[in-house]
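Here is the structure we will look at.
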Amino acid sequence: MTTRWLTPEEQRAWRAYIGATLLLEDTLDRQLQQEAGMPHMYYSILANLSEAPEHRLRMTDLAERLKITRSRLTYAVTRLEKDGLVRREGCPGDKRGSVAALTDEGMVVVERVAPGHVETVRAALFDHLNPQQVGQLEEIFTGIAQALQGDEGGSAVSDVPWRRRSSPCS
């Protein structure tokens, strides 16, 4: 098999992407550590639960939304449970399943931290883009995500661990 090396343009784009994503994630982590004492991943769990019906999501569905393994999610939810921000509940109709539920205290944290988080996202990313670039960014990363997950009938590049379908909790 012949290696398909990156062209100089692709190499520059790849390195720019890696550098920007690492800097962006670091910026978001620092802001959230300062304001909420938690990493971006933990805030993302709380934010997703705050947007879900009844502030609850099945753990497998939450893992898929966050694009993380179920074991990584379990670890994070356990920590958020200890802090009183999330609680785990059984899944009616499926004894093996569980649901993550945002507590009232967790909702207070989301409401307190969200304005600063949104401002950080805006300052770090969107303030540097014009409206056309925002649309291009969405189109580019939606296409990449769909290809990697095998969405829309395509074949997935990798076997993503959160794709296992689960039965809904009744």
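The values are calculated or read from the model by the stated rules, or taken from the named source; none is laboratory data. Everything numeric in this text was worked out from a predicted model, so none of it was measured. We place every Cβ from the backbone using ideal geometry, glycine too, and count neighbours over all the protein chains shown. With ligands, DNA and RNA removed, areas are computed over all heavy atoms of the protein, side chains included. Shrake-Rupley method; radii C 1.70, N 1.55, O 1.52, S 1.80 Å.
Below is a table of values for the structure above.
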quantity	calculated
Matching residues, the stretch 90-121, being of a type in the set (Asp, Glu) and out of contact with any Cys (no Cβ under 9 Å at 6 or more places or on another chain)	Asp104, Glu105, Glu111, Glu119
Residues being under 18 Å from the mean Cα position of the chain (by Cα) and either part of a strand (DSSP E or B) or not aliphatic (A, V, I, L, M) (or both) - total across the stretch 127-138	1
Some residue of the stretch 109-119 being β-branched (Val, Ile, Thr), in a helix (DSSP H, G or I) and within 19 Å of Leu22 (Cα to Cα)	yes
Neighbours by Cβ (under 7 Å, 6+ apart or cross-chain): first from the stretch 55-75, farther than 14 Å from Tyr43 by Cα; second open to solvent by less than 80 Å² (accessible area, probe 1.4 Å) and of a type in the set (Asp, Glu)	none
Contacts under 7 angstrom Cβ, first residue in the stretch 105-124 being closer than 13 Å to Leu80 by Cβ and open to solvent by 20 Å² or more (accessible area, probe 1.4 Å), partner assigned to a helix (DSSP H, G or I) and among the hydroxyl-bearing types (Ser, Thr, Tyr), 6 or more apart	Met107/Ser50
